[in-house]
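Each remark here refers to the structure printed beneath this line.
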Amino acid sequence: MDVYEALYTTRAMRRVKPDPIPLQVQARILDAAIRAPSGGNAQSWRFMLVDAPDVKARLGPLYRECMAMLWDTVYRESLERARQTPDDPASASLLKVTASAQYLADHFESVPLFLMAFGRGDPSGGSIYPAVWSAQLAARAQGVGSALTTVLGIFRQAETLGVLGVPADRGWQLACCVSFGYPTGRWGIAPRRPAHEVAYRNTWGGDLGLQIPEPLWPGGAAAG
Ligand SMILES: Cc1cc2nc3c(=O)[nH]c(=O)nc-3n(C[C@H](O)[C@H](O)[C@H](O)COP(=O)(O)O)c2cc1C
């Protein structure tokens, strides 16, 4: 697959079939992940694949508790506003994402594979994410959808480490939990605010000097 196709069409695919992910595909995902950069090339990471029904059965209720907490805290006011103005495009987008995220929570146990990513001793907190995104891109190239989630680590870190048998005294923290599965829907380009609205040149707010009204893949063009 063309690298740009993977970059443009890898997006949160939370509605997936229960079909297992073959081991060769899992190998592709993991081997791509560990090629990623990390601060000082420390590779201070650990990954855990989770596909055992009993482990998923213990994580599912925790995950749903986390989502309930997320809706009730971070998203409470914006969700209330969105529900009052469902026809507003921003509200519609938020309601769509939250419905999709809740779908994943409600179907957690039937997701065939999760990748748990752990880090430690990383002051930037950023060293794990290139690896995670590489895993998601490699999955995309294999026709496997994925969704990066962080709620378990945010709201139920200790309980999740306990379920996964992570030693409590070595400093490992769960950074994120990525779901993987063959999508029920179709791949598409993720809608985003265009680059010229969120990028500057030379000074904050400085004119970028180019406009990118449409995605450059598969065939758009930048305007000067
Ligand atoms: C740091 C980070 C944390 C995220 N946490 C969650 C999460 O806890 N649950 C979830 O369903 N999606 C989570 N996501 C996925 C985002 O909701 C998703 O990437 C965003 O809505 C864009 O989706 P799209 O690429 O399909 O347009 C997270 C993404 C990032 C980058």
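The values are calculated or read from the model by the stated rules, or taken from the named source; none is laboratory data. Treat the numbers as computed from the prediction; the structure is a model and nothing was measured. Glycine gets a Cβ as well: all are built from the backbone with ideal geometry, and neighbour counts include every protein chain shown. These area figures cover heavy atoms from the full protein model, side chains too; ligands, DNA and RNA do not enter into them. Shrake-Rupley method; radii C 1.70, N 1.55, O 1.52, S 1.80 Å.
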Segment 99-198, accessible surface, carbon-and-sulfur percent (1.4 angstrom probe): 53 percent
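Accessible area per residue of segment 110-214 at 1.4 Å probe, in Å²?
Numbers: 5250 Å² over 105 residues.
Heavy-atom SASA per residue in segment 110-214 reads 50 Å².
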Label-point separation, residue 76 to residue 93 (7 Å along Cα→Cβ), nm: 2.5 nm
Charge sum, other residues only, whose C-beta stays under 14 Å from residue 58's C-beta, Lys/Arg counted +1 and Asp/Glu -1: -2
Largest-first ellipsoid semi-axes for segment 27-123, taking √(5λ) over the Cα gyration tensor eigenvalues, angstrom: 32, 19, 13
On Cα atoms only, tilt of 129-141 relative to the major axis of the chain in degrees: 80 degrees
Acute angle (nearest 10 degrees) that the helix 89-106 long axis makes with the longest principal axis of the chain, alpha-carbon atoms: 20 degrees
Taking all pairs of distinct alpha-carbon atoms in segment 1-69, Kirkwood radius in angstrom: 15.4 Å
For residue 149, residues with placed amide H under 5 Å, excluding near neighbours: 177, 178, 179
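Carbon-plus-sulfur fraction of the accessible area of segment 1-81, 1.4 Å probe, in percent?
53 percent
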Most to least packed among 144-153, 197-206, 122-131 [average Cβ atoms within 10 Å]: 144-153, 122-131, 197-206
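Quick check: net charge around residue 147, other residues with Cβ under 13 Å of its Cβ, Lys/Arg +1 and Asp/Glu -1?
That sum, taken over residues with Cβ under 13 Å, equals +4.
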Ellipticity estimate at 222 nm from DSSP helix runs (n ≥ 4, -39,500 (n - 2.57)) divided over the chain, nearest 500: -12500 deg cm²/dmol
Highest average packing first - 210-218, 9-17, Cβ atoms within 10 Å: 9-17, 210-218
Segment 1-132, relative contact order in percent, only Cα pairs under 8 angstrom and at least six apart counted: 46 percent
q = 0.13 Å⁻¹, the chain: log10 I(q)/I(0) [Debye, one scatterer per Cα]: -0.90
Angle in degrees between helix 23-33 and the longest Cα principal axis of the chain, rounded to the nearest 10: 60 degrees
Centre separation in Å (Cα based) which lies between segment 9-40 and segment 53-75: 22 Å
